[in-house]
1. Quick one: accessible area per residue over the protein assembly as shown, 1.4 Å probe, rounded to a whole number of Å²?
2. What nm value, rounded to one decimal, do you get for the distance between B:Arg219 and C:Leu192 when each label is placed 7 Å out toward the C-beta?
3. In straight Cα distance, which lysines are under 16 Å from B:Lys31, not counting same-chain residues fewer than 8 positions off?
4. Quick one: if you take sqrt(5λ) for each eigenvalue of the C-alpha gyration tensor of chain A, what semi-axes come out, biggest first, whole angstrom?
5. Within a 10 angstrom radius of each residue's Cβ in B:7-19, how many Cβ atoms of other chains show up on average? Whole number is fine.
6. Hey, can you rank B:227-233, C:207-213 by average C-beta count inside 10 Å, highest first?
7. Would you work out which of B:Gly206, C:Val243, B:Ser149 lies farthest towards the positive end of the dipole of the protein assembly as shown? Charges go on Cβ: Lys and Arg +1, Asp and Glu -1.
8. Scan around B:Ile161 for amide H atoms under 5 Å from its own, H built in the peptide plane at 1.01 Å from N, and keep only partners 5 or more places away or cross-chain.
Amino acid sequence: MKLVLAEPRLLKESVGIISELVNEVTFKLDKDKIEITAMDPANVAMVMFKMLSSAFVEYDIKGAQDLSVNLDNLNQVLKRAKPSDTIILETVDNKLKITLKGERTSTFSLSLIDVEESEQKIPDLKFDVKVEMPSVVLSDAVDDMEIVSESVALIAESNKITVQSEGRFNAAKVEVPATEGIIIKMKDSRVLSKYSIEYLKKIVKGSKIAETVDLNFGREYPLRADYKIMDRLMLSFILAPRVDND
Amino acid sequence: MKLVLAEPRLLKESVGIISELVNEVTFKLDKDKIEITAMDPANVAMVMFKMLSSAFVEYDIKGAQDLSVNLDNLNQVLKRAKPSDTIILETVDNKLKITLKGERTSTFSLSLIDVEESEQKIPDLKFDVKVEMPSVVLSDAVDDMEIVSESVALIAESNKITVQSEGRFNAAKVEVPATEGIIIKMKDSRVLSKYSIEYLKKIVKGSKIAETVDLNFGREYPLRADYKIMDRLMLSFILAPRVDND
Amino acid sequence: MKLVLAEPRLLKESVGIISELVNEVTFKLDKDKIEITAMDPANVAMVMFKMLSSAFVEYDIKGAQDLSVNLDNLNQVLKRAKPSDTIILETVDNKLKITLKGERTSTFSLSLIDVEESEQKIPDLKFDVKVEMPSVVLSDAVDDMEIVSESVALIAESNKITVQSEGRFNAAKVEVPATEGIIIKMKDSRVLSKYSIEYLKKIVKGSKIAETVDLNFGREYPLRADYKIMDRLMLSFILAPRVDND
């Protein structure tokens, strides 16, 4: 197989974000796309990554193929790519060969690893709320919660989204009104669900990939966040709710 | 009470500097100003902060009031303010409510705390020397002392200020002649006093607030450093001298 | 003796680089140059530094003289120099006096130390290969090896230089063809030698000093790297080869 990418940024950023959640992953390659579906070791978050063949300058894959790699190593290699470099991915002798081609040509080869994983199934979820908003508004809001640093509640109402966190001593709240660029679709009048701030902070880094995020969630129900670039890439997360006993 | 600040920078920088010296403080509010007078836990430095009502866009305080807060928490909140944000401070239900209003609106609420403190009296000091100088000249000079990193001597003479430090092996000295922008007022011909470099380094960060610093000190006597912005703000420190036994 | 340097950058960068390899050094001064020849504590790398009298604005040295100093301390002092400062070096009372003169004048004095060292002889080496290349191409290539992070092989062939590293799981390789700006002189068809990446990474920082590096090496033989600025300065390293037992 041989994949050529003219712009390293998207793959580089995606791998950086995913590597904060999972360490060993399997890329599934077929003639249309490369794909990761992985669960974090604590079973709290699932990450789904898809890069379409149209994102590549050259895309040559014969039949379906699985490539399991250590994501930290891949991340280290991609970090060496300069913005103007071309990235070439190939498999040679049971290794993943990565070539960064620019002023100089650097070649890296990473051992393919065995990942014992039960096939990850993306759960079939039915959400109460669908929100579309600028991705940086969400990441700023989640970062605001850090002063409280416990679970974070997402609250959807027909005219606004609220991100809030309440600790024993301190509290933080960001209200995002449904104005230009923010679309809220829901049947109920108010839906609240809580999530781990630690995971949310990793997920909202998707704002480096796409300008818009699609959020789906429900009452004490998983959250799904999708970062998409049309015809090229999707980075999605499913995060389990945090159910407080208070 | 309700206070509205159009420019977050001054409050943000001041709280950042003060929080390196003290952790729990009491803001004293009256109809003219908000004010902190606090002693560091080691009883070596006192910090005095005053922000005048004229620094605020809206200033509505009914009668004198004390607000004690954890300064680290307040610092964390203010760090989230963007340069163009408006800051609103209110008391609601025994909490300090802080609103950062910009492209988004973030609201934080911090528990008011009980601070058992004997009323801090600002000591009545009579100084031998009064110096006015660019605040960055002082902070550069103190930073130069770090290579020796023991006590620092301030020496005033009629025509120059000297900052110097002598260790067993190394020594450092900065001489600032009394030229343009530097005014030295003193009766004696030479006044020397030593202070802790660790504290001095925190104090000279006042250069982020004001372009000029007023220094007052005496022989083996406390140092007072004042950073002022006319009609708006004053950040002052009193630092105990370090008396060497050599 | 009195030395005056109008541009602090070269001395500052050189001392910073050397101080990562050795801590206590002896500057040998004579009427033409100041010079360091030092071995790192592990006896793996030798560093040679030479600054010619023509690099100084004022150069006044009476007879040969040795000055031994703690390089960390000297580094700390030079770091305080601003780009527009003039640096004055003098010996006063068995101390090295360093004056940084700019908007303010800072004076530092460092104890001269006793260094018990057998005179360092620069070994007389005969190399199989001589390469001249842009210094940043070499430092980028060495930094690329970090993902493997074991010994690094330098391979010279008549038409290219290869930098490569192979670990148990991963490998990295950079090929630099002998095109514009890269000159390779050798008799054999292929010369390979391995070196410690840890040391190489410190050595290639010479790219901050000079745009070109001269590399000399041989089969399982030391590497010599020279960074030169005509008529002013030379920073050179000799690095022992790493002989693997595999």
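The values are calculated or read from the model by the stated rules, or taken from the named source; none is laboratory data. This one's a predicted model, so the numbers in the text were calculated from it and none came from an experiment. Backbone-built Cβ (ideal geometry, glycine too); neighbour counts: all protein chains shown. These area figures cover heavy atoms from the full protein model, side chains too; ligands, DNA and RNA do not enter into them. Shrake-Rupley method; radii C 1.70, N 1.55, O 1.52, S 1.80 Å.
1. On the way: 34960 Å² over 738 residues.
That works out to 47 Å² per residue.
2. 7.8
3. Candidates past the 8-residue exclusion: B:Lys2, B:Lys50, B:Lys62.
4. Numbers: eigenvalues 249, 66, 57 Å².
Working through the eigenvalues yields semi-axes of 35, 18, 17 Å.
5. Details: counts 0, 0, 0, 0, 0, 0, 0, 0, 0, 0, 0, 0, 0.
Average per residue, whole number: 0.
6. Numbers: B:227-233: 16.6, C:207-213: 19.3.
The most tightly packed comes first, giving C:207-213, B:227-233.
7. Toward the positive end, the furthest listed residue is B:Gly206.
8. Distant-sequence amide H within range of B:Ile161: B:Val176, B:Ala178.
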